[in-house]
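To start, the structure under review is shown below, and the notes come after it.
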Amino acid sequence: MELKQSSRIAILKEKMLSQKRYVSIEQAKIITDVYKRNENKPMILKRALALKEALEYIEIGIEPEEQIVGNRTKGVRSGVVFPEGGCSWVDRELETLPKRPQDKFHVHPEDIQTFREVILPYWQGKSLEDVIAYRGGEQITAISKVAKINQTDHAQGHICPNCETWLEKGPAILKAEALAKIDSAPAEQKDFYESIVIVMDGAIMFMQRYRDLLKETASRAENKGYREDLLNLSGICDRLSKYPAQSFHEAVQSVWFLFVILQMESNASSFSPGRMDKFLYPYYRNDIDHHIIDDQQALELIESIWLKFNQIVYLRNKSGAKYFAGFPIGFNIAIGGLDEKGEAYENELSYLFLKAQEHLGLPQPNLSLRLNHKTSDKLLKASIHVVAKGSGMPQFFNDECIVPGMIDLGIEKKDAMDYAIVGCVELTTQGNNLGWSDSAMFNFNKALELTLNHGTCLITNQKLAPDFGGLEIYDTYEALEIAFEKTIDFYMEQMIACCEIVEKAHIDILPSPFLSSVIDNCMEKGVDVTAGGAKYNLNGIQMIQVANLADSLAALKKLVYEEKRIQRKALLNALQTNFENNEIMRQILLNKVDKYGNDVEWVDTLGITWAKKFRNKLRSFKNYRGGVYHTGMYTVSAHVPMGENVGASPDGRFSQTPLADGGMSAVYGRDTKGPTAVFKSVSRIDNDLTTNGGLLNMKFLPTFFKHDTGIDKFSSFLRSFVDLKIPHVQFNVVCKEDLLAAQEHPEQYRSLTIRVAGYTAYFTELAGELQNEIIARTSYEDI
Amino acid sequence: MKSLQEQVMKISNKCGTVFDIKRFATHDGEGIRTTIFLKGCPLNCVWCQNPEGIQKQRQVLYLKRKCIKCGLCVKASTHGGIKMTSDGILYERNIEEDWDHILYLCPTNALHFDSREYTLTEIMNEIAKDQVFYKHNGGVTLSGGEPLYQFDFAYAIAKECKAKGIHVAIETTLAIDKEKLQQIVPYLDQIYVDLKIMDDKQHRTYVGAGNKQILANISYLLTSEYKDKVIIRTPLIPKLSATKTNIKQISKFISNLDSEVRYELLNYNPLAKAKYEYLNQPYCFDQNPDPFTQSEMESYYELARSNGIKHIIVE
C-alpha cells in the first residue's frame, strides 16, 4: 500500500511556514533573573537552576492537531537570545536583524528596551563572548583572516546525545541515579550531581506542564476525536515524566523533549539524533507486532517530529549567518549503515524516514544515508528516488572509509561502526563524544597569499604574518614551499593557543549538566561534558580550500617555475592589482594549466600534500580536554566569506570572490571532465584527512532521474563512490530555470529547498549573492 | 611549419585521432560509460550531430564567446591566416601557419584543435581512469564519426578492452567492408547500428553515399550468431528520415531479417545546430525544427510495431 501524507501534516506544515520569525528574549530574562538571585553559587548550579526555571516558566503552547508537542518558545522558529553565550553582538545587531541580508528575524520593539535595560547590563563581562574577548580577543582577531576561531559566542553543540539512555531511563531514573551518587561523591563532584538532579526536576515539570495544558485544552475541545487525541497525548507526557518510554508514540515524543531541552540548555547548533532508525526500532517493532499502530500511523508520527525539527532555528550573529546561512540547526539523522557484526543495517523505519523526507521536503532533519559494500539495492534505490525529488536529501556517507578513519583516530571499533553525523557532515560516535567539530577554519589560500606577498594582506595592505620572502624572492618552487610551510606553522601554533582559550572559557562559563546526563562516562566520572567528561574528546579543524590551493600551486609550478611563461615579479604585481590590465595573464592562469577535479593526478595531489602536512603536524598537539585534534574538509557556506578575505590568487581568481564550495569539491565551473573525474580526484584525498567530515557537492538536473535506467545508473555511480572510499557526497537536483524563477517569484517557491553545503535551506531565504552562487555551480546535464 | 592539410594522421594500430572522450556517458549503452569519439566518417549526413567528427584531419576551431580579442594570435600569424575584426578574429584554417604555436599562445583556448592523436597506450590509460565505474555494469563505447573508419585503432581498442574484461559497445553506421566487420565483431558486446534511410537514392542525397553495403552488413549481423548484440537505430530527422514510408520500410526490412530485432527511434536533437555555427558550416535547416512531441513519437512507435517490430527501445 502506498503510504500517504495525512492532511493534518499538510496543514501543520503550511501553518509553520507561514509564521513569521521573531527574536525571543523570554528565556534570557529568566536566566538573567536566576543568575542575579544566585550570584555566589558555583557556575554549574547557576546554569542548572536557570534551565530548571526556564522549563518551569517559559510560555508553552500546542497547535491543534499536533501529535508531537513541545518547543522552547510558544511561537515557532524563534531566534532565541542566549545571554550566557553572548549579548554584545545582540546589542550591536538588534536593529539590523529584521533587515540583514541573511536569516532575518523580526524584533518586538518592547523587547529591544528590555534587552538593553535588564539583560545586557548584567551580562557585560560575564558572557562567554565577553570572557573570551577579554582573555584572548586580540589574539583571536589577529589570526582570524587565516585561522577563524569558532564557538566564541555560543555553546558548542555538535553532539549526538545517547538517545537510547534517555529512552530507557527518562528524567525520573536519571534523577534517581544522580541522587544516589551525591552522598558518596567527592566534594568537587557533588555540584555536578546536584545540578543533574535540578535539571531533571525541570525536565519532569516541563513534561507535566504539557500534560496539564493538553488536558485543559481537551476539556474545551468540542470534537470527540480531537479530545481523545489530546487526552492520549496528555497521558504520554505524564508517563514520560515518570517512566521510560514504552510505545512508539512515547518514544518519538520523548526524543523530541530531549532535543527541546538540550536546546534550552545550550542554544547550540547541531544536537543530532544520529541513528534514529536503529534506536527507535524496538518501539516500532513492538507496536506493529501488537497491532497498536500500523505503518501509516507510524509515518504520521515520524512526519510530526520531522516538522518539529524545523521549528527550532538558531539565531546567529551577522557574520555567523553568512558562514552558516539558512540557520541550519543540524538535526542530523543517519539511516542504514552497519550493525554490531559489520553487516548492513536497515529496517522498516529507514524506509519510513525516506518517505517522510519525500513527502515533506523540508530542510530538517538533515537526512543522511550510510552506505557500504553491503547496503541493499532496495535501500539505495529508495534513497535515489528521494534525491530525485530535489530536496538534496538524503546525503550519502561512506562506511568503507569513515569507519577505518575513526579507528585510526583511536576510537574503539564498535563505536566507529556505530558512527553518526552531527550538523551537516561532521562525523561523530554516538552518545559518548564531545567532538568540538567546528573549532576553527584554517584558510590555506590566505596563508599562501601571505607567503607570496611578504606577509602582507593583498586586500588591506596590512602586515599580518612574518615576511618569509615573497614570490619574486623564491627562485624555485621548493623555496616557495619552505616559506609556505613556515607561514602555516606560524598560524597553527597561534590557532592552537586560541582554541585552548575558547575551550577553557566553555568549561568556566557553560557547564552543561543536562547534556552531560546523556553523554557516556560523564555521570560515572562526575565530570561535566565541557570539562572532558565524555568518553571521547576530539577537536576538529577545517582545512579551507584544497581545490583553490591545488589550482594556485599548479599554476605556480607549471606556468611560473617550469615553463617560465609568467614571470614571478609580474605575477605578484598582477595579484597586488587584482589583475587590473592583466586579463591575458589571468586567462593563461585559468586555461593553460590543469585544474583540481579533473582526475589529473599531479594537480589533485598538490593541494592534498599540504593537507597531509597540516594534519600530521596537528596530531602532535593535544586539546584542552586531553583528546586529539583532527581535520575536516567542509565549509558549510563559509566559502563565500572566506573568499572575501582572500585577495587575487594565482589560480586566476579575482580578489574577494568565493572559494570552491563544499570542501572537497572543485572550484565551480572548473571540473569539466564530468562526475566520474570529480569522484576520482576527490578519492585522492586520504581518509585520515576527513575524519571530522568531508563535503562534496554535485548538481544534477532532474531529467537524469526521469527513467528507471537513470536511477540504475545513479545507483552504479554511488556503488563506485563506495568503492572509491570517498567520505561524502550530496546531490542537488534542480534545473537552472527553477532557481531563476525562484529568485523572480520567491513567494511561489517558499518551500523550495536546496543544499547549500552540508545542509539544506530554503532557497528563497538565502541572500541573493548566495543564490547566484548556487546557480553558477556546475551542473551535469543528462549528457 | 606545417599546414593542416599536410597533417594527415597515420592510421595504424598504434594510434588514432580522437575528437572527444566523454566520461560519465549514460546514453550509449549500459551503466556508466566512457565514450571514445573517433574522428573521420565515410558518410556525410546533412544533419550530423558531430560534424567535427566527419573530417579526418585535425582542424582548428574558434569559440568566439571565449575570445578576449587580445590579438596574440594575430601577432603570431606569419602568413595572414588570422585577422582581427571588431567582432573577434577571422581565421582561415587552411592557410599555412604554425598552428600549434598559435594555439599554445591563445590564453583562453578560444582557438583550439577539434581533436588530438592518441596512441593505443594513451587511450587505454584514459579508459582505465574509469575502471572503477565499469565494475557496476558500465564500459566503453566507441563512437564517432564512424568508429570503424579508423579500423585498426578501433579494433585494437576493442581487443584490448576485451582482454581487460571491459564491456565494449559501438555506435556504427556499418559503412565498412564485411571482412573487417567480421574481424571485430567477436570483441564487441553491444552494437548500435544506425540505419537512417531505406531508399538508396535519398540515402545518397542526405547521407552522402549509397546504402547497399550498410544493408548487406545489417543482413549479415541480424542473421548471425551476434544478432542479440544488435540494436538498430533511426534518428528521426524531420522531413528527411522521419517519414512514414521510411520508418515502415526500415521496420519491415529488419524485422524480416530477425523477428526479435530491437529497434530504437531517436528523437530529433535540435542542439546540433550550434556546432555548425562554431564550425562556420551550413546546417540542413535554416529554421531549426522542434523535437517530436511524446504523442508524435508514439505514432512512430506504432508504425514500427505494425510493420513487424516487437521490441521498441524507449528510454
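Here are the numbers for this structure:
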| item | result |
| --- | --- |
| Phi-based couplings in Hz for region A:358-373 (Karplus 6.51, -1.76, 1.60; Gly and Pro marked x) | 4, 5, 8, x, 9, x, 10, x, 7, 8, 10, 10, 8, 9, 7, 4 |
| Candidate lysines - alpha carbon under 18 Å from B:K83, same-chain residues fewer than 8 apart omitted | B:K64, B:K66, B:K69, B:K75 |
| Residues of region B:75-93 with amide N under 19 Å of a point placed 7 Å along Cα→Cβ from A:A570 | B:75-77 |
| Protein-only accessible surface order, largest first, of B:K196, A:K99, A:K355 at 1.4 Å | A:K99, A:K355, B:K196 |
| Ranked order, A:K318, A:K680 - accessible area, probe 1.4 Å, largest first | A:K318, A:K680 |
| Size of the A/B contact, given as accessible area buried on both chains, probe 1.4 Å, in Å² | 2400 Å² |
| Hz values of 3J(HN,Hα) by residue in region A:683-696 - Karplus curve (6.51, -1.76, 1.60), Gly and Pro given as x | 5, 6, 6, 4, 5, 6, 7, 10, 5, 8, x, x, 9, 10 |
| Amide H within-cut-off set for B:H311, under 5 Å, with H built and near neighbours excluded | B:Y263 |
| Span from the region A:572-609 Cα centroid across to the region A:625-653 one, whole angstrom | 18 Å |
| Estimated translational D of region A:603-669 in µm²/s (Stokes, Kirkwood radius over Cα pairs; 25 °C; 0.890 mPa s) | 179 µm²/s |
| More than 26 Å apart - percent of Cα-Cα pairs taken over region A:344-485 | 50 percent |
| CD proxy at 222 nm, helix term only [per DSSP H run n ≥ 4: -39500 (n - 2.57); per residue of chain B; nearest 500] | -8500 deg cm²/dmol |
| Heavy-atom surface of the protein assembly as shown, accessible at 1.4 Å and reported per residue (Å²) | 36 Å² |
| In degrees, nearest ten, helix A:377-388 long axis to first principal axis of chain A (Cα) | 80 degrees |
| Between 0 and 90°, nearest 10: helix A:708-723 axis offset from chain A longest Cα axis | 80 degrees |
| Gain upon complete extension [A:D467, A:K104; 0.36 nm per residue less C-alpha separation] | 126.5 nm |
| Lysine pairs within region A:242-332, Cα separation less than 27 Å, 8 or more sequence positions apart or different chains | 5 |
| Helix-only [θ]222 nm of chain A, DSSP H runs n ≥ 4, -39500 (n - 2.57) each, per residue, nearest 500 | -15000 deg cm²/dmol |
| Rounded tilt (10° steps) of B:151-163 against the dominant C-alpha axis of chain B | 70 degrees |
| Placed amide H near A:F271: partners under 5 Å, 5+ positions off or other chain | A:H158, A:I159 |
| Entries of A:K381/B:K310; A:K673/B:K39; A:K52/A:K190; A:K413/B:K135; B:K229/B:K252 with Cα pairs more than 23 Å apart | A:K381/B:K310; A:K413/B:K135 |
| J(HN,Hα) series, region A:99-105, from Karplus relation 6.51 cos²θ - 1.76 cosθ + 1.60, nearest Hz, glycine and proline x | 10, 5, x, 10, 6, 6, 9 |
| Accessible-area value, A:S716, 1.4 Å probe, nucleic acids and ligands omitted, Å² | 10 Å² |
| Contour minus Cα-Cα distance for A:R116 and A:D339 (0.36 nm per residue) | 75.0 nm |
| Euclidean distance of C-alpha centroids, region A:326-356 and region A:368-433, integer Å | 8 Å |
| Between region A:6-52 and region A:175-198, the alpha-carbon center distance in angstrom | 26 Å |
| Amide H partners (placed H, <5 Å) of B:K129, local residues excluded | none |
| Among beta bridges that DSSP assigns inside chain A, antiparallel share in %, nearest 5 | 35 percent |
| Compactness relative to 2.2 N^0.38 Å, alpha carbon Rg of the protein assembly as shown | 1.03 |
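The values are calculated or read from the model by the stated rules, or taken from the named source; none is laboratory data. Because the structure is a prediction, the values reported are computed rather than measured. Every residue, glycine as well, gets a Cβ built from its backbone with ideal geometry; the counts of neighbours run over all protein chains shown. All accessible areas refer to the heavy atoms of the entire protein, side chains included, with ligands and DNA or RNA removed. Shrake-Rupley method; radii C 1.70, N 1.55, O 1.52, S 1.80 Å.
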